[in-house]
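The values are calculated or read from the model by the stated rules, or taken from the named source; none is laboratory data. Here the structure is a predicted model, which means the values were calculated and not measured. Using ideal geometry, Cβ is built from the backbone for each residue, glycine included, and neighbour counts are taken over all protein chains shown. Accessible surface areas use protein heavy atoms only, side chains included; no ligands, DNA or RNA. Shrake-Rupley method; radii C 1.70, N 1.55, O 1.52, S 1.80 Å.
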Amino acid sequence: MEPAQERLPFRTKIAYGIGEMGELVFLGLFNGFIVIFYNQAIGLSNTLIGTAIMLAMIGDAISDPLVGMISDRWRSRFGRRHPFLFAAPIPLAISLFFIFSPPQMLTGGASGEPNQMWLFVWLAWWTISGRFFVTLYTIPHHALGGELTKEHNERSQLFSMNAIIGYVSGALFALTVWGFFFAGES
């Protein structure tokens, strides 16, 4: 006798997939505009921009397994994954705001030259912070997907919905930003 197949409601699959949108908006904004903004608009050296991003990626290599281990062992009345999912979005939004809002004393204002080292420190700090908060959300989010069902086909459908919503929202985000906000820019 075969065990009954557990079926996830379609709304659960959609809700899980919508969770991917936050990561994609952050990464879309960051990856799409960080070099344009810091190099062309502010004047920070591309070498320093790349170094800040490299430091954030090294931070990811450390924080990803740590957040995974901590969320695996976490115990609360909200479960082990949800506290991280609730804690990450606001600090992530704050980090994104500060990444793209360096203080005028670092940028040199309207007529001055940017302070390369302090601007680099600003970018590195907020990039590392932003990537950490993406990790704080993404690692438990993906782990939660593996825990929602143990049935292979349901899990495949769940992660497929996550990927579809992620790809579609990423494409719509890029189309909106480049096609609407920057239409006519050259």
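All but one of (1) in contact with a helix residue (DSSP H, G or I) (Cβ under 9 Å, 6 or more places away or on another chain); (2) under 20 Å from T149 (Cα atoms); (3) of a type outside the set (V, I, T); (4) in a helix (DSSP H, G or I) hold for A15, so report the exception by its number.
Exception for A15: condition (1).
Which ones in segment 97-112 are in contact (Cβ under 8 Å) with a residue 24 or more places away in the chain, assigned to a loop (DSSP other than H, G, I, E, B) and not hydrophobic (A, V, I, L, M, F, W, C)? Spell out the reasoning first.
Residues of segment 97-112 that are in contact (Cβ under 8 Å) with a residue 24 or more places away in the chain, as a first pass: 98-100, 102, 107-108.
Now narrow it down to the ones that are assigned to a loop (DSSP other than H, G, I, E, B): 100, 102, 108.
Correct list: P102, G108.
Looking only at segment 155-186, filter to residues that are more than 17 Å from P9 (Cα to Cα), hydroxyl-bearing (S, T, Y) and in a helix (DSSP H, G or I); which one of those is least open to solvent (accessible area, probe 1.4 Å)?
Among those that are more than 17 Å from P9 (Cα to Cα), hydroxyl-bearing (S, T, Y) and in a helix (DSSP H, G or I), it is S169.
Would you check which residues across segment 70-96 are farther than 21 Å from G19 by Cβ and in a helix (DSSP H, G or I) and list them?
The first filter runs over segment 70-96 and keeps only residues farther than 21 Å from G19 by Cβ, leaving 73, 75.
If the condition is that a residue be farther than 21 Å from G19 by Cβ and in a helix (DSSP H, G or I), then R73 is the only one that fits.
Give L92, L119 a once-over and let me know the one that is within 22 Å of S45 (Cβ to Cβ) and either open to solvent by 30 Å² or more (accessible area, probe 1.4 Å) or of a type in the set (A, V, I, L, M) (or both). Steps first, answer last, please.
Numbers: L92 fails: within 22 Å of S45 (Cβ to Cβ).
When all the criteria are applied, what remains is L119.
Can you name the residue in segment 23-44 that is touching a residue at least 24 places away in the same chain (Cβ under 8 Å) and open to solvent by 40 Å² or more (accessible area, probe 1.4 Å) and is also nearest to A163 (Cα to Cα) among such residues? Write out each step before concluding.
From segment 23-44, those touching a residue at least 24 places away in the same chain (Cβ under 8 Å) are 23-30, 32-34, 37-38, 42-44; that's our starting set.
Checking which are open to solvent by 40 Å² or more (accessible area, probe 1.4 Å) leaves us with 24-25, 29, 37.
Numbers: L24: 11, V25: 14, L29: 19, F37: 29 Å.
Restricting to residues being touching a residue at least 24 places away in the same chain (Cβ under 8 Å) and open to solvent by 40 Å² or more (accessible area, probe 1.4 Å), the top hit is L24.
Report yes if some residue within segment 133-154 is without any contact (Cβ under 8 Å) to a residue 60 or more places away in the chain, assigned to a helix (DSSP H, G or I), crowded, with 17+ Cβ neighbours inside 10 Å and touching a Phe, Trp or Tyr at 6+ places or on another chain (Cβ under 8 Å); otherwise report no.
No, the conditions are met nowhere in segment 133-154.
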